[in-house]
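Heads up: the structure comes next, in structure tokens.
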Ligand code: FES
């Protein structure tokens with residue numbers, strides 16, 4: 001019975017979500033914080049869910065990106081693909097990752113979950129700003145270890 005319900009659930013998901021979106025929701029990449037990160041932001045979506053993004057930057061490129069969310073499956077997929085998209089990009093390239101970049105990379109999302117991509121994009125943008133602010137005051141990182 002449980003197996004049947006699970007299969008039905010997956011079939012329903014496949015009707016609404018692309019294979020890529022399902023994959024990133026079920027096997028999210030880059031989950032959890034980066035100790036001593038170079039940039040961090042946490043955002044709250046219109047739904048009230050939160051998503052955090054950590055960045056490690058080397059030579060103006062995103063060396064590592066990770067995320068965490070307490071949101072829906074779509075927000076997990078969005079956080080996951082956002083970290084994959086950001087990795088190895090320059091700061092200027094990373095700034096260009098927006099809601100539509102994320103939606104395109106995921107093969108789209110149902111209309112009522114487009115805001116999850118918005119949340120990931122806005123959080124990434126804030127994490128980049130945090131990196132740029134911290135870069136001006138590197139000594140601040142010493143007492144911000146809890147990020
Ligand atoms: Fe809240 Fe997706 S992030 S519903």
- Message: Here are the criteria: (1) more than 12 Å from the chain's Cα centre (by Cα); (2) free of Cβ contacts under 8 Å to residues at least 24 places away in the same chain; (3) within 19 Å of residue 27 (Cβ to Cβ). Tell me which single one residue 113 does not satisfy.
- Response: (2)
- Query: If you take just the helices (runs of 4 or more DSSP H) that sit entirely in the stretch 1-91, which of them hold at least 2 residues that are touching a strand residue (DSSP E or B) at 6+ places or on another chain (Cβ under 7 Å)?
  - Reply: 73-86
- Yes or no: residue 67 over 20 Å from residue 13 (Cβ atoms), touching a helix residue (DSSP H, G or I) at 6+ places or on another chain (Cβ under 6 Å), touching a residue at least 12 places away in the same chain (Cβ under 8 Å) and crowded, with 22+ Cβ neighbours inside 10 Å? yes
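Can you tell me which residue within the stretch 103-113, out of those that are assigned to a helix (DSSP H, G or I) and in contact with a helix residue (DSSP H, G or I) (Cβ under 7 Å, 6 or more places away or on another chain), is nearest to residue 75 (Cα to Cα)?
So in the stretch 103-113, the residues assigned to a helix (DSSP H, G or I) come out as 103-105, 111-113.
Adding the requirement that they be in contact with a helix residue (DSSP H, G or I) (Cβ under 7 Å, 6 or more places away or on another chain) leaves 103, 105, 113.
On the way: 103: 11, 105: 14, 113: 8 Å.
Residue satisfying both the conditions and the ranking: 113.
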- Message: Given the criterion within 10 Å of the chain's Cα centre (by Cα), closer than 28 Å to residue 135 by Cβ and within 16 Å of the ligand (Cβ to nearest atom), identify the matching residue among 65, 77, 120.
- Response: 120
- Among the candidates 84, 57, single out the residue that is modelled with pLDDT of 95 or more and more than 11 Å from residue 128 (Cβ to Cβ). 84
- Task: State which residue is modelled with the highest pLDDT when the search covers only the stretch 132-147 and only residues that are within 20 Å of residue 90 (Cβ to Cβ) and surrounded by 10 or more Cβ atoms within 10 Å (Cβ to Cβ).
- Result: 132
- So residue 15 fits all but one of (1) away from the ligand (no atom under 16 Å from the Cβ); (2) farther than 17 Å from residue 128 by Cα; (3) in contact (Cβ under 8 Å) with a residue 12 or more places away in the chain; (4) exposed (fewer than 15 other Cβ atoms within 10 Å of the Cβ); what number is the exception? (3)
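The values are calculated or read from the model by the stated rules, or taken from the named source; none is laboratory data. Keep in mind the model is a prediction, meaning the values are calculated, not measured. Here Cβ is always computed from backbone atoms with ideal geometry, including for glycine, and neighbour counts include all displayed protein chains.
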